[in-house]
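Just so it is clear, none of the values below were taken in a lab; they were calculated from the coordinates. None of these values were measured; they are calculated from a predicted model. Every residue, glycine as well, gets a Cβ built from its backbone with ideal geometry; the counts of neighbours run over all protein chains shown.
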Amino acid sequence: TQLLEQSPQFLSIQEGENLTVYCNSSSVFSSLQWYRQEPGEGPVLLVTVVTGGEVKKLKRLTFQFGDARKDSSLHITAAQPGDTGLYLCAGAGNNAGNMLTFGGGTRLMVKP
Amino acid sequence: EPEVTQTPSHQVTQMGQEVILRCVPISNHLYFYWYRQILGQKVEFLVSFYNNEISEKSEIFDDQFSVERPDGSNFTLKIRSTKLEDSAMYFCASSIAGALTLYFGPGTRLTVT
């Protein structure tokens with residue numbers, strides 16, 4: 001069974017601060033996605049990383065996939081109150097069914 | 001922008017009753033999924049569907065669960081005899097290229113009393 005552990009579970013910071021969320025596993029994933037989920041809604045895809053060592057930037061968000069494709073990080077620069085939400089990582093195995101294994105999520109609160 | 005839609009948004013049912021959750025995936029997508037999220041817990045995979053058949057299912061997806069694509073647009077999840085522990089948010093998702101880019105619907109909140 002593949003598991004993804006996210007840390008921290010909760011993060012409360014002031015506007016303008018930087019933060020990093022981690023997603024770790026002992027398993028290798030063929031790809032890893034980061035989602036953001038608002039209360040009462042479905043996860044919304046932010047980015048997919050596929051290659052070990054890959055770095056992708058989405059405005060103030062930087063996503064990195066570990067060299068061994070077992071871990072990933074999400075770094076937010078100069079956080080804003082609009083970044084508040086639940087961030088989920090999800091890994092895809094090499095199976096034909098394309099099942100995603102989700103992490104437990106990091107709940108971020110950015111205070112003005 | 002095209003999106004996955006789900007109905008109903010909230011379903012309340014009594015234990016032992018059958019429920020059907022409905023989804024309309026994005027029109028040109030080929031892969032369809034059901035996930036669920038019990039309150040306060042992780043999003044969990046239930047089943048994936050491609051080329052009119054189940055391609056993978058989890059141990060949660062037992063004989064009480066079934067999926068169907070009855071026409072060219074709908075994708076349904078049926079729970080034959082609901083249990084209290086089936087209470088959860090059920091998310092439908094679709095993709096055009098397997099697990100690389102999943103688009104999730106807004107979910108159906110199922111409450112079993």
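Set the Förster radius R0 to 25 Å, insert the Cβ-Cβ distance between residue A:38 and residue B:11 as r into 1/(1 + (r/R0)^6), and round the FRET efficiency to 0.05.
Here the calculated transfer efficiency is 0.75.
Of all trypsin sites (Lys or Arg not before Pro) in segment A:1-96, which ones are in loop regions per DSSP and have a Cβ with at most 15 other Cβ atoms within 10 Å?
Of the trypsin sites (Lys or Arg not before Pro), the ones in loops of segment A:1-96 whose Cβ has at most 15 other Cβ atoms within 10 Å are A:59, A:60.
List the equivalent ellipsoid semi-axes of segment A:54-111 in whole Å, largest first, each obtained as the square root of 5λ for an eigenvalue λ of the Cα gyration tensor.
Square roots of five times the eigenvalues give 25, 15, 8 Å.
Can you give the FRET efficiency for residue B:74 and residue B:39, using 1/(1 + (r/R0)^6), R0 = 35 Å, r = Cβ-Cβ distance, to the nearest 0.05?
0.85
Pairs B:42/B:83; A:56/B:78; A:111/B:83; A:70/B:57: which are spaced more than 31 Å apart, C-alpha to C-alpha?
Too far apart for the 31 Å limit: A:56/B:78; A:111/B:83.
Treating chain B as a set of equal point scatterers at the Cα positions, no solvent, please give the Debye-formula log₁₀ I(q)/I(0) at q = 0.14, 0.15, 0.21 Å⁻¹.
Per q value, in the given order, log10 I(q)/I(0) is -0.50, -0.58, -1.16.
Other chains near B:102-113: what is the mean number of their Cβ atoms within 10 Å of each residue's Cβ?
3
Using Cα springs under 10 Å in a Gaussian network model of chain B, which residue among B:40, B:72, B:16 shows the largest mean-square fluctuation?
Answer for the Gaussian network model of chain B: B:40.
I'd like the mean, over residues of B:55-63, of how many other protein chain beta carbons sit within 10 Å of each residue's own Cβ.
2
For chain A, what size does the Cα cloud have along each of its three principal axes, sorted from largest down, in whole Å?
The Cα atoms of chain A stretch 44, 30, 20 Å along the principal axes, largest first.
Across 5 Å bins from the origin, how do the percents of Cα pairs in the protein assembly as shown run, short distances first?
1, 7, 15, 19, 18, 16, 12, 7, 4, 1, 0
Let me confirm one metric for peptide A:75-81, namely the mean number of other chain beta-carbon atoms within 10 Å of its residues' beta-carbons.
Numbers: counts 0, 0, 0, 0, 0, 0, 0.
Taking all residues of A:75-81 together, the mean is 0.
Taking every pair of Cα atoms in segment A:1-67, average 1/r, invert it to obtain the Kirkwood radius, and report Rg/Rh to two decimals.
Result for segment A:1-67 is an Rg/Rh of 0.96.
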